[in-house]
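A.B. asks: First, the structure itself, so that you have it in front of you.
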Amino acid sequence: MVRADARFAAARGPSYATKMITRPRTLAHGVVLRPVALADAAALACAYAANRDHLRPWEPRRPDGFETTEGQAARLTGLLELRDAGRAMPWVLDAGDEGIAGIVNLNNVVRGAFHSAQLGYWVAAARAGRGLGTAAVEAACDLAGEELGLHRIEAGTVTTNAASRRVLEKCGFERIGTAPRYLHIDGAWRDHYLFQRILNDRAPR
């Protein structure tokens, strides 16, 4: 699981509308990567509740009500507003009758001379270790470069999260540094390794 922070939230520059990505993409084992919708609130609440222990070491402490349909609806409303403003692109990993198997987000999209975003993702415990995370991150990078026109993606992992580090390395991310006490994760400020992947060298649009 990879978290994305908000360091660049104040450096957005001009307002850009994120091109709407509507086409689903089939990943490993028949799971579909598709844009999240407000109607996913109940399924996301179930997914977060089912994966509470699996996600706890890599996530911030969640407020009361987070694992409810109402809590997820409120979160999704804000996330979709960010998408419509060109500042985020959120997806879910749709496993059909088995529910939601994870999420992928491109957060803090910054245009101008930067043309960059930050990656966040997680995969359900029942699907971990089967290549789904790698397939999802690779698809998100492809869409970020080709459909959103981004130049690079940044990601950070808690230094003890070897599984997410391997996913990033398989997907062509290179480690660019270590950030001490970078994010407040599972009740404490945690050191993170920082990674980036250069998607292309096109000039900014």
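The values are calculated or read from the model by the stated rules, or taken from the named source; none is laboratory data. Only a predicted model underlies this, so the values are computations on that prediction, with no experimental measurement involved. Here the Cβ is made from the backbone with ideal geometry for all residues, glycine too, and neighbour counts use every protein chain on show. Note: accessible area is taken over every heavy atom of the protein model, side chains too, but ligands, DNA and RNA are not part of it. Shrake-Rupley method; radii C 1.70, N 1.55, O 1.52, S 1.80 Å.
A.B. asks: Please work out how much length the chain gains when fully extended from Leu80 to Thr26, using 0.36 nm per residue of separation minus the C-alpha to C-alpha distance, in nm with one decimal.
C.D. replies: The Leu80-Thr26 span can extend by a further 17.2 nm.
A.B. asks: Something else: In Å², what does the accessible area per residue of the chain work out to with a 1.4 Å probe?
C.D. replies: Accessible surface, normalised per residue, equals 47 Å².
A.B. asks: Name the most mobile residue of Pro63, Pro24, Pro35, meaning the one with the largest mean-square fluctuation, in a Gaussian network model of the chain with Cα contacts below 10 Å.
C.D. replies: Pro63
A.B. asks: So, by mean Cβ neighbours within 10 angstrom, what's the order for 154-166, 106-118 with the highest one leading?
C.D. replies: 106-118, 154-166
A.B. asks: Further question: How much length would be gained if the chain were fully extended between Ile198 and Asp142, taking 0.36 nm per residue of separation minus their Cα-Cα distance, in nm to one decimal?
C.D. replies: The Ile198-Asp142 span can extend by a further 19.1 nm.
A.B. asks: With a/c under 1.5 counting as rounded, go ahead and sort the stretch 69-114 into rounded, prolate or oblate using the C-alpha gyration tensor (a ≥ b ≥ c being the square roots of the eigenvalues; past the cut-off, prolate if a/b is larger than b/c, else oblate).
C.D. replies: Oblate.
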